[in-house]
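Derivation of every value follows stated rules applied to the coordinates shown; laboratory data play no part. Since the model is a prediction, treat every value here as computed from it, not as a measurement. In this analysis, Cβ positions are derived from the backbone assuming ideal geometry, glycine residues included, and neighbour counts consider all displayed protein chains.
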Amino acid sequence: MKLNKYLYYENEFVKLFKGDMETIIPLFDKKFNLILTDIPYNISQKSGGLRRLDYGNWDKQYGKEKAWVDAMLSVLKNTIIAFCGDNQYSYIKNQIINSGIPTTRAIVWEKPNSSPMNGEKFYLNSIEMAVFGRKSKSYFKPKCKRNIFVYPTVSNKDRIHPTQKPLKLFAELVEDCTKVDDIILDPFAGSGTTGIVGCRKKRQVYLIERDLVYCKKIKKRLELETQNRRMSL
Ligand SMILES: C[S@@+](CC[C@H](N)C(=O)[O-])C[C@H]1O[C@@H](n2cnc3c(N)ncnc32)[C@H](O)[C@@H]1O
């Protein structure tokens, strides 16, 4: 009943909850086969020239990482993949290991079309990292697969969120770590990428997003996805 108060939208595969993940997660009465998410990296800085470097207040929540990871681990059944900033990586990896998941790995998303910003002074920033942790006996499809995933960043025409992840990247991770009908949580939903993957790959996805503007965008994106599915049947 309390949880229903936060339900903003649902379809056959996705439930979207509007609110703070720290408030909503304790209301769940289930654990998730996969938690696939992209936490705020807290890297926003004053925008310079034509470049947007300030993503908004959601990306300035310094010191919240421990509470976020604790909340996610409290409802984890099998596997967690948490994209994070390089400054957050070791901290989150240690927190996951200390929770009793003995082995973690890095996942590297390599961007062949990385931004040329400051290319004359530094190496181009061409990767993002995630911590991958898996409880023993959890489903894992690949055999001897390397941990580097190469996908271009989302084009401006398809981008509805400043840190939107490529659909193909999330789809590959979902297929590697879950089976059809498994249940997935993304508590920092952004543009709803994990939800779209759920619709396409027939997984049940719970999304949480705090910002109403992004909840509206996720709803619209999911409605369009459902319409397109109907038209292609
Ligand atoms: C890094 S973005 C996620 C982008 C997403 N992976 C995508 O592909 O679009 C993080 C999102 O988490 C949301 N957020 C930040 N803090 C939150 C919280 N405590 N609870 C729920 N959502 C939160 C922000 O509004 C932002 O949209």
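If you take the beta carbon distance between residue 10 and residue 158 as r and set R0 to 25 Å, what does 1/(1 + (r/R0)^6) give as a FRET efficiency, to the nearest 0.05?
That gives a FRET efficiency of 0.55.
Please report how far the C-alpha centroid of segment 70-96 lies from that of segment 171-206, rounded to the nearest whole angstrom.
Answer, in whole Å: 17.
Using a ≥ b ≥ c from the Cα gyration tensor of segment 93-190 (square roots of the eigenvalues), is it rounded, prolate or oblate, where a/c under 1.5 gives rounded and otherwise the larger of a/b and b/c decides, a/b for prolate?
prolate
For segment 1-113, divide the Cα radius of gyration by the Kirkwood radius and give the resulting Rg/Rh value with two decimals.
Ratio of gyration radius to Kirkwood radius for segment 1-113: 1.00.
At a Cα cut-off below 21 Å, give the lysines reachable from residue 157, other chains included and same-chain residues fewer than 8 away excluded.
111, 165, 168, 216, 217, 219, 220
Taking R0 as 45 Å, what FRET efficiency do you get between residue 90 and residue 226 from their Cβ-Cβ distance, rounded to the nearest 0.05?
FRET efficiency, residue 90 to residue 226: 0.65.
If I model a spin label as a point 7 Å beyond the Cα along the Cα-Cβ vector, how far apart are those points for residue 122 and residue 141 in nm?
If labels sit at residue 122 and residue 141, their model points lie 3.6 nm apart.
For the residues 146, 210, 203, 52, what sequence is obtained by ranking on other C-beta atoms within 10 Å, fewest first?
Ranked by crowding around the Cβ, least crowded first: 146, 52, 210, 203.
Whole percent per 5 Å bin, from 0 to the bin with the longest distance: what is P(r) over all C-alpha pairs of the chain?
1, 6, 14, 19, 21, 18, 12, 6, 3, 1, 0, 0
What list do you get for 163, 103 if you sort them by fewest beta carbons within 10 Å?
The fewest-first ordering by Cβ neighbours comes to 103, 163.
Just to be sure I follow the definition: excluding the sites themselves, where is the longest run in the chain that has none of the GluC sites (Glu not before Pro) in a DSSP loop with at most 11 other Cβ atoms within 10 Å?
No qualifying site falls inside 121-233, the longest such stretch.
Check segment 1-92 and count each lysine pair with an alpha-carbon distance under 16 angstrom, considering only pairs eight or more places apart or from different chains.
10
Which parts of segment 110-152 would a label at residue 181 reach, counting a residue when its backbone N lies under 19 Å from a point 7 Å out along Cα-to-Cβ?
Label zone hits: 138-141.
Mind jotting down the three principal axis lengths of segment 170-220 based on Cα atoms? Whole angstrom, largest first.
Cα extents, longest axis first: 31, 17, 16 Å.
Counting DSSP beta bridges in the chain, what percent are antiparallel, to the nearest 5?
Rounded to the nearest five, the antiparallel share is 45 percent.
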